[in-house]
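Undergrad: Just passing along the structure, written as structure tokens.
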Amino acid sequence: MAQYAHLSIPDPDWTRISTLLPPDPPYSDDLDVVVAQVREIAKLSGPFNRSIYEPQLPSDELRPHVEDYTVTVDGGEIVVRVAIPRSSENETFPLLVYFHGGGFWAFDINFKDYMLRVLAHKLKIVTVNVGYRHRLLSLEQNKDAPFISKHYIELVCRFLGGDPSNPIMSPLLATSFAGLPRTLIQVAGLDPLRDEGILYGDLLYPGVPHSFEDVMYQTDKGQKYEKDVQDAIRWMTKAD
């Protein structure tokens, strides 16, 4: 995949913003240490997301109606947060079910809470933010990338006990992609999993790392990311 090497050249906005961020925590092979580090970061994610997206929402009476529901699942319960646009009586909307990032072992429904409220308001869709249960869960060129490094990915695989050769873990290995729904795939050039994403899809953001859309929200690439998400949801929910 040498033809994609240029995608790892850091974006100028990312170079500037990265100097303002605290350093990544030191690497550790101790899963308990890594979990503690990630959970400390996760505590900040909800307030940070709110600070970015709440200014895009209208006054209280026009904001989406938001309510949490407890859902019984196999072996326990989870919480889902539903945002419904303000509407006239009996109006119906498309539905977006959202599973937040974090490798299925980190972060919670607050991670992208206000982003989903904005999507519900702007796109007139119902968003269902799933608080799924956690489970203790390019690679060379970007092995030391911020936020998601090769070391982190290897720890997640150990955490999940997953087999990278299994298509469930690595969808790119599936024998057929027939019957899949309309899908948006966004690939960051500095992501260690970049090349797998390119083979699976082709919406690229050169020179930025995994999760860039949060810390680079006010930049051109951050704004493009948000627009791409909204355009994709419009496309996914439109009638054929």
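Undergrad: Would you please classify the overall shape of region 42-136 from the alpha carbon gyration tensor, given that a ≥ b ≥ c denote the square roots of the eigenvalues, rounded means a/c under 1.5, and beyond that prolate means a/b larger than b/c while oblate covers the rest?
TA: Note, shape of region 42-136 comes out oblate.
Undergrad: Just to confirm the filter: which chymotrypsin sites (Phe, Trp or Tyr not before Pro) across region 155-200 are DSSP coil and have at most 14 other Cβ within 10 angstrom of their Cβ?
TA: Passing sites in region 155-200 are Phe177.
Undergrad: Nothing charged except the Cβ atoms of Lys and Arg (+1) and of Asp and Glu (-1): what's the magnitude of the dipole of region 2-237 about its Cα centre? Round to the nearest 20 debye.
TA: I would put it at about 400 debye.
Undergrad: Identify all lysines with a Cα-Cα distance to Lys112 below 20 Å; exclude those on the same chain that are fewer than 8 residues away in sequence.
TA: Within the straight-line limit of under 20 Å, Lys112 reaches these lysines: Lys43, Lys122, Lys124, Lys221, Lys224, Lys227.
Undergrad: I want to check the label-to-label distance for Gln230 and Asp60. Put each point 7 Å from Cα in the C-beta direction and report it in nm to one decimal.
TA: 2.5 nm
Undergrad: For the chain, what does the helix formula give at 222 nm: sum of -39500 (n - 2.57) over DSSP H segments with n ≥ 4, over the residue count, nearest 500 deg cm²/dmol?
TA: The helix contribution divided over the chain gives -10500 deg cm²/dmol.
Undergrad: Taking a ≥ b ≥ c as the square roots of the eigenvalues of the Cα gyration tensor of region 98-225, is the shape rounded (a/c under 1.5), prolate (a/b larger than b/c) or oblate?
TA: rounded
Undergrad: Restricting to bridges with both residues inside the chain, how much of the DSSP beta-bridge set is antiparallel, in percent to the nearest 5?
TA: Looking only at bridges with both residues in the chain, the antiparallel portion is about 65 percent.
Undergrad: Determine the shape class of region 102-167: with a ≥ b ≥ c the square roots of the Cα gyration tensor eigenvalues, call it rounded for a/c under 1.5, and otherwise prolate if a/b is greater than b/c, oblate otherwise.
TA: Prolate, since a/c reaches 1.5 and a/b exceeds b/c.
Undergrad: Would you pull out the residues with amide H under 5 Å of Gly131's amide H, same chain only if 5 or more places away, H placed 1.01 Å from N?
TA: Residues meeting the amide H criterion: Val79, Val80, Arg81.
Undergrad: Oh, and also: Once the chain is represented by equal point scatterers at the alpha-carbon sites, with solvent omitted, what log10 I(q)/I(0) does the Debye formula produce at q = 0.12 Å⁻¹?
TA: -0.78
Undergrad: Would you compute the Debye intensity of region 91-131 from its alpha-carbon atoms alone, equal scatterers and no solvent, and pass along log10 I(q)/I(0) at q = 0.19, 0.30, 0.32 Å⁻¹ to two decimals?
TA: -0.53, -1.02, -1.10
Values quoted throughout were computed directly from the atomic coordinates according to the rules given, and no laboratory measurement underlies them. Note that the structure is a prediction, hence the values are computed from the model and not measured. When we count neighbours, we look across all protein chains shown, and the Cβ atoms used for this are built from the backbone with ideal geometry, even at glycine.
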